[in-house]
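The values are calculated or read from the model by the stated rules, or taken from the named source; none is laboratory data. All of these numbers come straight from a predicted model, not from anything done at the bench. So basically every Cβ, Gly included, is an ideal-geometry build from the backbone, and we count neighbours across all protein chains shown.
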Amino acid sequence: MNDLAKVEAEALPEPAVVVEDADKLPFEPSPEDRQRVKYLAIAGTPASIMRMVVFSPYSGRMLSEADFKKVFAREIAIADAEVNVNAVSGIIRAIEEEKPWALTFWARTKMGWIETQRHEVAPAPVILNKEQSEF
């Protein structure tokens, strides 16, 4: 028995409603289900693993992978984009507030600025004649 089959067989929640032909009823995910799937999608979790946290309230079983992908297609598709929007919004707010870290980040990543460290060594003094030499 593979790991997925073990998960499906062990400790499944009790169905909220006992219904005959439960597998034929349409699944309507709760807002909590959608949020959970979105967070897992952001983390790069494959659908085969994500579906382990969502159960049908009628049968108490996990959705098939195909059904899972169909029901949560939007959450899976836009998860990364939502995080990117939130991250960029935070950076823009920090730039508007003139926070040094944000200004430096923007200058380096968008304006191509770089910091360099130069160690300049002064040239040896030029000795013009023997009288100027200490030796």
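What to note about this one:
- Filtering region 84-107 for residues that are part of a helix (DSSP H, G or I), in contact (Cβ under 8 Å) with a residue 40 or more places away in the chain and not acidic (D, E) leaves an empty set.
- Condition met for S89 (closer than 30 Å to P26 by Cβ and hydroxyl-bearing (S, T, Y)): no
- Residues satisfying the stated conditions in region 49-81, i.e. over 14 Å from D33 (Cα atoms), surrounded by 14 or more Cβ atoms within 10 Å (Cβ to Cβ) and of a type in the set (S, T, N, Q): S59
- Evaluation of T104 against (1) closer than 22 Å to D33 by Cα; (2) surrounded by 11 or more Cβ atoms within 10 Å (Cβ to Cβ) (one fails), failing number: (1)
- Across region 108-118, the qualifying residues are those that are assigned to a loop (DSSP other than H, G, I, E, B) and either in contact with a Cys (Cβ under 6 Å, 6 or more places away or on another chain) or of a type outside the set (V, I, T) (or both), and the one among them that is farthest from I92 (Cα to Cα) is R118.
- Count of region 23-48 residues, restricted to those that are of a type in the set (A, V, I, L, M, F, W, C), surrounded by 15 or more Cβ atoms within 10 Å (Cβ to Cβ) and not in a helix (DSSP H, G or I), is 1.
- Pairs where the first residue, in region 113-135, is surrounded by 10 or more Cβ atoms within 10 Å (Cβ to Cβ) and the second is modelled with pLDDT under 70, C-beta under 6 Å, 6+ apart: I127/S133
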